[in-house]
């Protein structure tokens with residue numbers, strides 16, 4: 001085995017070849033990638049605890065030392081904060097030794113093997129040397145994160161395990177973060193952005209659908225180590241979004257074998273007072289450990305889901321959506337040498353979702369089904385060099401196919417009281433993404449301060465073939481006469497390919513111990529738009545006072561979005577033909593009028609946004625932190641659809657880059673540390689989300705919208721100006737753990753329409769849904785179960801959703817010609833769920 005200082009000739013050659021590829025790649029090719037060419041650095045964290053005869057106390061102000069062969073200077077250190085927490089970030093994989101020496105306590109030392117990109121938690125328990133007497137703890141200065149200009153909102157594995165999540169999926173946890181809401185269409189909107197404007201990364205792998213640009217990945221929740229949401233990441237390694245980025249770090253195996261079995265008891269389906277089959281069966285199993293100690297590690301997560309979800313406003317036995325899925329996540333980490341790591345990730349996530357968008361106005365026969373087949377494979381390699389530099393290479397392959405079809409024969413009929421007939425659109429899509437990334441951390445150097453510089457490149461090739469065909473759509477008046485007939489012309493055969501290239505350079509410049517700057521430049525070239533885009537960014541973190549408990553952060557940056565493949569294939573979609581009828585439903589008033597698909601100016605441009613923020617963090621006491629922040633984002637050149645007519649009589653459905661949107665947010669957050677590892681968060685968000693409403697993704701995507709009217713600039717459908725959020729967990733006596741979530745916000749806006757589906761008055765200004773309020777709790781108790789001579793630790797408990805049974809309607813009759821106009825429907829009542837998991 002070679003030591004760090006004994007680089008193999010092939011390794012040295014590979015480093016220089018990779019550097020040349022990074023610098024030259026963007027000028028040789030064109031390309032598309034969503035995400036970041038992020039280096040798979042890891043983290044070691046934990047708490048320093050004084051263990052005495054009758055208590056455990058966190059130790060503040062303790063010097064924690066980490067040594068490793070490929071650390072700069074072979075050693076680094078930090079100070080534990082007021083609750084004993086310590087953390088070492090941006091660590092290359094390898095072997096480390098963690099040590100602590102405190103007067104009056106035994107010396108602590110532990111060897112740690114850090115896998116590629118992993119987060120390893122190591123509690124440091126200090127025991128008195130000989131005399132076991134009470135220890136007086138004096139709080140030291142709090143060590144806030146002083147070098148990060150943009151701290152992501154983060155959810156860790158303990159919260160994912162303890163929070164009351166209705167489906168126990170990582171997507172359910174994201175609305176626990178201020179600024180993240182699930183909109184009326186069921187999609188997640190992060191920081192005022194549409195779902196297609198944001199990115200999602202899984203272990204730095206782009207996990208979006210190449211066709212629609214929306215998130216397209218499922219993971220067993222046990223496979224998730226942390227979820228981080230970046231609203232304004234000023235590091236140039238992030239890109240291909242105009243909204244926000246959700247980065248998921250996955251779990252790696254360790255030297256200890258662990259097993260977890262949970263949700264293995266099915267839930268019965270009760271309808272009309274009797275048991276009628278299974279409502280839910282969602283067993284999960286996780287296994288991790290060493291295949292070869294200190295060298296090869298393994299993690300496997302498996303989840304099967306069969307779930308029927310009841311819609312309260314529809315008749316029994318005609319009111320269940322149905323989901324069936326299987327998620328598998330496998331990860332192998334190999335320590336080839338102390339400085340050379342290899343990781344293999346394989347994820348498979350097929351899914352069948354039937355009766356999508358089932359609600360008060362869409363009965364089962366009218367809804368579509370969505371069946372997907374998805375998987376990805378990724379290989380990460382990372383090498384650390386004797387000069388302190390770090391090189392990472394990765395290659396991934398992602399496949400995502402989808403079929404959308406209806407549940408009954410056509411035609412699809414839209415009436416003032418609801419929809420009828422069969423879903424009008426059928427899709428078959430096959431898409432694939434090939435992605436290659438190189439990244440290089442240069443050795444740190446001093447010049448007017450300390451610099452940590454990194455450069456990287458990213459190339460992705462996306463392909464898409466498919467079939468998209470639609471049946472006639474009838475728009476009926478209140479008296480049943482035909483107001484409008486839509487038919488669709490053409491074959492609807494789709495095919496598109498896109499290659500994108502990214503180059504970036506980023507420097508973390510510590511100008512002074514109280515001032516750090518993040519500045520960088522990102523270059524993107526898109527094969528569909530054919531543009532060369534440069535995105536400069538700068539962020540800062542400042543300690544303005546002698547007291548290190550106050551930190552000011554902020555920055556400004558330019559961000560370029562992706563161009564989804566369905567946008568690039570717009571002219572290949574079927575052409576819409578519209579015929580309008582007079583009051584008798586037979587006399588033609590206009591048409592047949594053909595709206596051909598037209599790209600304005602016969603060119604695409606890349607959407608972009610400019611964002612800035614400022615944030616102040618202040619530690620008031622040892623247990624209380626408060627944060628005040630403001631951010632603003634303006635997007636331009638969004639993709640917009642609008643029906644156009646010219647005096648010549650010609651008509652077209654025009655795709656343009658005229659779209660705009662704007663998001664503003666003021667946030668106040670308080671964190672209260674109640675006990676070791678247990679905190680409560682309280683946040684208030686005042687925000688405004690507005691923009692053009694005829695966004696391409698609102699009409700052409702997984703589920704098409706056949707009614708396209710003139711565009712307006714107004715409130716976005718997920719605009720919620722005021723929101724209060726409380727979440728966290730509290731340890732109670734008798735090993736009880738209480739995890740509450742309180743969510744209160746303004747209702748979403750909606751539009752008014754008439755019997756011909758024309759908008760009445762300004763769009764999204766017809767009113768708002770009632771204010772939303774929900775109190776959800778999870779209460780669990782630790783229990784030890786003897787089995788075959790051994791004792792296993794389990795947690796038993798209950799989850800209660802909407803404890804107060806508050807009226808939170810999800811549907812509204814917004815048609816002014818319906819007898820039920822203005823009525824709200826479809827609130828989820830108080831719901832109980834059991835919790836049972838066994839850990840071996």
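The values are calculated or read from the model by the stated rules, or taken from the named source; none is laboratory data. Predicted model only: the values in this text are computed from it and were never measured. A quick note on method: Cβ atoms are made from the backbone with ideal geometry, for glycine too, and the neighbour counts reach across all protein chains shown.
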If you go through the stretch 555-569 one residue at a time, do you hit one that is under 23 Å from residue 627 (Cα atoms), at pLDDT 95 or above and either in the same structural domain as residue 208 (by TED's automatic domain parsing) or surrounded by fewer than 19 Cβ atoms within 10 Å (Cβ to Cβ) (or both)? yes
Quick one: is residue 335 crowded, with 20+ Cβ neighbours inside 10 Å, touching a helix residue (DSSP H, G or I) at 6+ places or on another chain (Cβ under 6 Å) and in contact (Cβ under 8 Å) with a residue 12 or more places away in the chain? no
Residue 659 - would you say it is touching a residue at least 24 places away in the same chain (Cβ under 8 Å), in a strand (DSSP E or B) and farther than 24 Å from residue 722 by Cβ? yes
Of everything in the stretch 67-78, what is at pLDDT 75 or above and more than 32 Å from the chain's Cα centre (by Cα)? Give them in sequence order. 67, 68, 76, 77
Taking residue 601, is it within 22 Å of residue 707 (Cβ to Cβ), surrounded by fewer than 17 Cβ atoms within 10 Å (Cβ to Cβ) and either in the same structural domain as residue 235 (by TED's automatic domain parsing) or in contact with a strand residue (DSSP E or B) (Cβ under 9 Å, 6 or more places away or on another chain) (or both)? no
Candidate set: the stretch 629-641, residues that are closer than 25 Å to residue 566 by Cβ and crowded, with 19+ Cβ neighbours inside 10 Å; chosen: the one farthest from the chain's Cα centre (by Cα): 641
All positions within the stretch 182-199 that are in a strand (DSSP E or B) and either without any contact (Cβ under 8 Å) to a residue 40 or more places away in the chain or farther than 21 Å from residue 567 by Cβ (or both): 182, 188
Being assigned to a loop (DSSP other than H, G, I, E, B) and free of Cβ contacts under 8 Å to residues at least 12 places away in the same chain is the filter here; which residues of the stretch 570-596 pass it? 582, 587
Please pick out the residue among 87, 99 that is under 30 Å from residue 559 (Cβ atoms), modelled with pLDDT of 85 or more and in a strand (DSSP E or B). 87
Residue that is farther than 20 Å from residue 760 by Cα and either in contact with a strand residue (DSSP E or B) (Cβ under 6 Å, 6 or more places away or on another chain) or in a strand (DSSP E or B) (or both), where the choices are 642, 690, 632: 632
Out of 804, 780, which single residue is buried (at least 17 other Cβ atoms within 10 Å of the Cβ) and either in a loop (DSSP other than H, G, I, E, B) or under 28 Å from the mean Cα position of the chain (by Cα) (or both)? 780
Candidates 795, 763, filtered to the one that is crowded, with 17+ Cβ neighbours inside 10 Å, more than 19 Å from residue 724 (Cα to Cα) and modelled with pLDDT of 90 or more: 763
Any strands (runs of 3 or more DSSP E) falling wholly within the stretch 411-476 and containing at least 2 residues that are buried (at least 22 other Cβ atoms within 10 Å of the Cβ) and in contact with a strand residue (DSSP E or B) (Cβ under 6 Å, 6 or more places away or on another chain): 412-415, 425-441, 450-470, 473-476
Tell me which strands (runs of 3 or more DSSP E) are completely within the stretch 254-337 and hold 2 or more residues being under 30 Å from residue 384 (Cα atoms), or say none if there are none. 284-292, 296-310, 320-337
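Residues are listed down the side, and each one gets a yes or a no for (1) in contact with a helix residue (DSSP H, G or I) (Cβ under 8 Å, 6 or more places away or on another chain); (2) within 18 Å of residue 253 (Cα to Cα); (3) surrounded by 16 or more Cβ atoms within 10 Å (Cβ to Cβ):
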| site | (1), (2), (3) |
| --- | --- |
| 270 | no, no, no |
| 274 | no, no, no |
| 280 | no, no, yes |
| 284 | yes, yes, yes |
| 288 | no, yes, yes |
| 294 | no, yes, no |
| 302 | no, yes, yes |
| 317 | no, no, no |
| 323 | no, no, yes |
Search result, residues across the stretch 523-550 that are free of Cβ contacts under 8 Å to residues at least 24 places away in the same chain and not in a strand (DSSP E or B): 545, 546, 547
Residue in the stretch 707-728 that is farthest from residue 770 (Cα to Cα), counting only those that are in a strand (DSSP E or B) and in contact (Cβ under 8 Å) with a residue 60 or more places away in the chain: 727
Only one of (1) surrounded by fewer than 17 Cβ atoms within 10 Å (Cβ to Cβ); (2) more than 30 Å from residue 445 (Cβ to Cβ); (3) at pLDDT below 95 does not apply to residue 526, and that is (1)
The condition from (1) modelled with pLDDT under 95; (2) touching a helix residue (DSSP H, G or I) at 6+ places or on another chain (Cβ under 8 Å); (3) crowded, with 24+ Cβ neighbours inside 10 Å that residue 211 misses is numbered (1)
Expected output for the stretch 112-131 (first residue outside the structural domain of residue 204 (by TED's automatic domain parsing) and within 20 Å of residue 102 (Cβ to Cβ), partner assigned to a loop (DSSP other than H, G, I, E, B) and modelled with pLDDT of 85 or more, Cβ below 9 Å, 6+ apart or cross-chain) is 112/122
With 370, 329, 361, 412 as the choices, which residue is in contact with a helix residue (DSSP H, G or I) (Cβ under 9 Å, 6 or more places away or on another chain), modelled with pLDDT of 95 or more and closer than 27 Å to residue 487 by Cβ? 412
Taking the stretch 488-505 and keeping only residues that are within 30 Å of residue 551 (Cβ to Cβ) and over 24 Å from the mean Cα position of the chain (by Cα), one is left with 505
By residue number, the members of the stretch 375-393 that are out of contact with any helix residue (DSSP H, G or I) (no Cβ under 8 Å at 6 or more places or on another chain) and either surrounded by 22 or more Cβ atoms within 10 Å (Cβ to Cβ) or more than 14 Å from residue 443 (Cα to Cα) (or both) are 375, 376, 377, 378, 379, 380, 381, 382, 384, 390, 392
Matching option when the condition is surrounded by 18 or more Cβ atoms within 10 Å (Cβ to Cβ) and not in a helix (DSSP H, G or I), among 672, 682, 737: 737
When you check residue 835 against the structure, is it free of Cβ contacts under 8 Å to residues at least 12 places away in the same chain and assigned to a strand (DSSP E or B), yes or no? no
Could you grab me the full set of residues in the stretch 394-408 that are over 24 Å from residue 494 (Cα atoms) and surrounded by fewer than 19 Cβ atoms within 10 Å (Cβ to Cβ)? 395, 408
Out of (1) closer than 23 Å to residue 710 by Cβ; (2) surrounded by 15 or more Cβ atoms within 10 Å (Cβ to Cβ), the odd one out for residue 613 is which? (1)
